[in-house]
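Visitor: The structure is given below, and queries will be raised subsequently.
What follows draws every value from the coordinates through simple rules; no lab data is involved. What you see is a predicted model; the values in this text were computed from it and never measured. Because the Cβ atoms are built from the backbone with ideal geometry, glycine has one as well, and the counts that use them run over all protein chains shown.
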Amino acid sequence: MPRMNLEGSSSIITGGASGIGEASARQLAAAGSRVVVADLNEEKGQAVASELGGLFVKCDVSSTDDADAAVAAASEMGPLRALVNSAGIGMAGRTIDRSNVPFDLGIYTKVIEINLIGTFNMLSRSAAAMAQTDPVDDDGSRGAIVNMASAAAFDGQIGQAAYSSSKGGVVGMTLPVARDLSAVGIRVNTIAPGLIDTPIYGTGEQSDQFKAHLGQSVLFPKRLGSGEELAFAVMECITNPYLNAETIRLDGGIRMPPK
């Protein structure tokens, strides 16, 4: 069975304006898919989309209207075959702080809303469109979804209760959603990145020193991962016809300490 052919297809990448999302958009475009960069950052999102011959859609992943707009934009360019859910936020804070004040429930809710509910929102709306396309092979394959969790789903550090909860939820939904969507030939996988060199760490000499220090805690290779390396795994999840319902840690072997 050959790899899934993305030539002439469309795909949606949330958080596609930078980092893992941008790297995934580039590799999907190189594989012949017309990409929708769904992001809140209009300037960068427009730049990436136009460079790749795709479309930018300003998208709050927790909004059904925005999700539907991204799906509609993709479907106009070709049958929707791939969704990469890489939009996400992280807001650190201890469950109770040093003064015994509880963590702001509004912040906790926001992280869950974007990272977990947003992931489900985008995948359910995208799956509805994928299900209406013609199958691409004798197995009845119609598409593939890749969600982004985090090593924090398993090794959440001090202050990561909200983030780890949201990413643990993404891991937990992978199998049941894959089971749901098997009826229409859509595969679902999740990648759990470790320490990845994305814009979250900033730029400049101080940032480089901090990243080099972080890299020392990685088993091997002793550095942060790149967005491109993550995107290699994204493409494997999308194009390998037998890869389904799996969560893959991509972290250089790191196991995160408490802090």
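Visitor: Output wanted: per-residue J couplings in Hz (rounded whole) for segment 109-118, from phi through Karplus 6.51 cos²θ - 1.76 cosθ + 1.60, θ = phi - 60°, x for Gly and Pro.
Guide: 4, 5, 5, 5, 4, 6, 6, 9, 5, x
Visitor: Ok, one more. Quick query: amide H of ILE12 versus all other amide H atoms, modeled in the peptide plane; which residues come in under 5 Å with a sequence gap of 5 or more or a different chain?
Guide: It is VAL36, ALA82, LEU83, VAL84, by chain and number.
Visitor: Determine the sum of side-chain charges near LYS211: Lys and Arg each +1, Asp and Glu each -1, restricted to other residues whose C-beta is under 10 angstrom from that of LYS211.
Guide: Here the count lands on -1.
Visitor: LEU175 to ALA128: extension gain in nm, 0.36 nm per residue of separation minus the Cα-Cα distance?
Guide: Fully extending the segment from LEU175 to ALA128 adds 15.1 nm.
Visitor: Compute for the chain: radius of gyration divided by Kirkwood radius, i.e. Rg/Rh, restricted to C-alpha atoms, rounded to two decimals.
Guide: Radius of gyration relative to Kirkwood radius: 0.97.
Visitor: I need the phi-derived Karplus couplings for segment 160-166: 6.51 cos²θ - 1.76 cosθ + 1.60, θ = phi - 60°, integer Hz, Gly and Pro marked x.
Guide: 9, 4, 5, 4, 5, 4, 5
Visitor: Modelled label-to-label distance, ASP65 and SER207, 7 Å Cα→beta-carbon offset: nm?
Guide: According to this spin-label approximation, the distance is 3.4 nm.
Visitor: Got a sec to turn the phi values of segment 199-207 into Karplus ³J(HN,Hα) couplings, 6.51 cos²θ - 1.76 cosθ + 1.60 with θ = phi - 60°, whole Hz, x for Gly and Pro?
Guide: Values, residue by residue: x, 4, 8, x, 9, x, 5, 4, 4 Hz.
Visitor: Show me the ranking of peptides 234-247, 213-226 by mean Cβ neighbours inside 10 Å, starting with the highest.
Guide: The peptides rank, most packed first, as 234-247, 213-226.
Visitor: Relative contact order of the chain, please, whole-number percent, based on alpha carbon pairs below 8 angstrom and at least 6 residues apart.
Guide: 21
Visitor: Pull out the extension gain between ALA72 and GLU113, defined as 0.36 nm times the separation in residues minus the alpha carbon to alpha carbon distance; nm, one decimal.
Guide: The ALA72-GLU113 span can extend by a further 12.5 nm.
Visitor: For GLU229 and ALA245, compute 0.36 nm times the residue count separating them, minus their Cα-Cα distance, and round to one decimal in nm.
Guide: 3.7 nm
Visitor: Of the listed peptides 62-71, 32-41, what is their order by residue-averaged count of other C-beta atoms within 10 Å, with the highest listed first?
Guide: Those peptides, ordered most packed to least, come out 32-41, 62-71.
Visitor: Hey, with R₀ at 45 Å, roughly what FRET efficiency would ARG98 and ASP138 work out to, going by the Cβ-Cβ distance, to 0.05?
Guide: Efficiency, rounded to the nearest 0.05: 0.15.
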